[in-house]
Every structure is written in C-alpha cells, then in structure tokens.
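Asks: Got a structure for you, written out below as structure tokens; questions coming shortly.
Derivation of every value follows stated rules applied to the coordinates shown; laboratory data play no part. This is a predicted model, so every value here is computed, not measured. Backbone-built Cβ (ideal geometry, glycine too); neighbour counts: all protein chains shown.
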Amino acid sequence: MARARPPSSPERAEPLPVRHLVLGTLSFGVCFAAWGLISAFAPAFRQSLGLSGTQTALLVAAPVLLGAIARIPMGIASDRFGARAVFADRFSDPLNDFRDVILAVATKPTY
C-alpha cells in the first residue's frame, strides 16, 4: 500500500516513478542480453552437445517460454502473499537453483 506524500514536499513528487522506469528498463536490457547470448551461442551448443535442430530450437525458446509460463503462478503468489515475500523466497538462495541444474546434468543418462 502506497503512503501519501505530504503536500509540503513538491520536490519529491516524481523520483519514485522515474526510479521504477530506470530499474525496469535496465533489468529488461540485462535479461534480453542474456537471452540473446543463448541464441548467439546456440551453434556452439549444438556442435558440442550434439543437438538436433529441434533440440537447438528448444534450447533457444526455453527461457522465453518458461518466463511466460512462470509469470502466471508468480503473479498469483504475489497477489496472495505480496511481491516482496515472493521475491525474497525465489531469490534468497540462488544456489538452490544452481544445485538443481548441476544435479540434473550429473544424473542425465549418457548414450
């Protein structure tokens, strides 16, 4: 819930929306750059991992698809528990996600 600003401080009328705009733009740029790097490295991944064309396309499309799909439950959780609580829960321990990726790769059967 937003707090009302006192009318005696007109110099503080716009800093919060500007900060949100700048942070949103920067985060979009960083995320788009990371996605762009995946597609730029796709031929190298394809060659080193021996991926088919379909698997390479899925590799490039996975971040976009998962991001779009994950927005739904994250939005529902944010409405129910609050955005700060959801953010703290998801990003408080990034090593858990890293561990899950390592375990998935380590337990992948080799052919």
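Asks: Name the pairs: first residue in the range 61-76 and on the phi < 0 side of the Ramachandran plot, second residue loosely packed, with under 12 Cβ neighbours inside 10 Å and in a helix (DSSP H, G or I), Cβ to Cβ under 8 Å, at least 6 apart or on different chains?
Replies: Once the first residue is on the phi < 0 side of the Ramachandran plot and sits in the range 61-76, its partners that are loosely packed, with under 12 Cβ neighbours inside 10 Å and in a helix (DSSP H, G or I) give P63/A34.
Asks: When you scan the range 72-91, how many residues do you find that are surrounded by 11 or more Cβ atoms within 10 Å (Cβ to Cβ) and under 13 Å from the mean Cα position of the chain (by Cα)?
Replies: Within the range 72-91, residues that are surrounded by 11 or more Cβ atoms within 10 Å (Cβ to Cβ) and under 13 Å from the mean Cα position of the chain (by Cα) number 3.
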